1. Pick out the one residue from 79, 4, 12, 8 that is among the aliphatic types (A, V, I, L, M), modelled with pLDDT of 85 or more and out of contact with any Gly (no Cβ under 7 Å at 6 or more places or on another chain).
2. Name the pairs: first residue in the range 42-55 and closer than 15 Å to residue 25 by Cα, second residue of a type outside the set (Val, Ile, Thr) and open to solvent by 80 Å² or more (accessible area, probe 1.4 Å), Cβ to Cβ under 9 Å, at least 6 apart or on different chains?
3. Residue check, residue 85 against (1) surrounded by 10 or more Cβ atoms within 10 Å (Cβ to Cβ); (2) at pLDDT below 95, all met but one. Which one?
4. Restricted to the range 57-67, and to residues that are open to solvent by 70 Å² or more (accessible area, probe 1.4 Å) and not hydrophobic (A, V, I, L, M, F, W, C), which residue is farthest from residue 29 (Cα to Cα)?
5. Return yes or no: is residue 54 open to solvent by 90 Å² or more (accessible area, probe 1.4 Å) and at pLDDT below 95?
6. Among (1) modelled with pLDDT of 95 or more; (2) among the hydroxyl-bearing types (Ser, Thr, Tyr); (3) surrounded by 10 or more Cβ atoms within 10 Å (Cβ to Cβ), which single condition is residue 42 missing?
Amino acid sequence: MKILLSSLLIMLSISSFGQTEQLHPIDRELQDCLNSDENSTTVGMTECINTATWKWDEELNRQYKILLSLLTDQQKERLKSTQREW
């Protein structure tokens, strides 16, 4: 499930920006990785996607920690409760 969500996030970010100049650095690295001759195989592409997924997971966790630092205790509990329900 985590990989699926991360893949969707990557695809959405690529389609929403549309142009390479506006891509997030993680997406730019992914595109460069996928476009390289050495990653033209299924194994190479999978490794590119797995690396991008790992980096997006780190970015998500970093942003989540920033968000938590801005919330009150009550807001933190509400956020965590909503996440569990989701």
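The values are calculated or read from the model by the stated rules, or taken from the named source; none is laboratory data. Just so we're clear, the structure is a prediction, and the values are computed from it rather than from any experiment. Don't worry about glycine lacking a Cβ; one is built from the backbone with ideal geometry, like all the others, and counts go over all protein chains shown. Just the protein is used for accessible areas: all its heavy atoms, side chains included, with ligands, DNA and RNA removed. Shrake-Rupley method; radii C 1.70, N 1.55, O 1.52, S 1.80 Å.
1. Going through 79, 4, 12, 8 in turn, just one is among the aliphatic types (A, V, I, L, M), modelled with pLDDT of 85 or more and out of contact with any Gly (no Cβ under 7 Å at 6 or more places or on another chain): 79.
2. As it stands, the answer is 48/29; 48/32; 51/29; 52/29; 53/2; 55/29, since those pairs meet every condition given.
3. With respect to (1) surrounded by 10 or more Cβ atoms within 10 Å (Cβ to Cβ); (2) at pLDDT below 95, residue 85 is out only on (1).
4. Among residues in the range 57-67 that are open to solvent by 70 Å² or more (accessible area, probe 1.4 Å) and not hydrophobic (A, V, I, L, M, F, W, C), the one farthest from residue 29 (Cα to Cα) is 65.
5. no
6. Every listed condition holds for residue 42 apart from (3).
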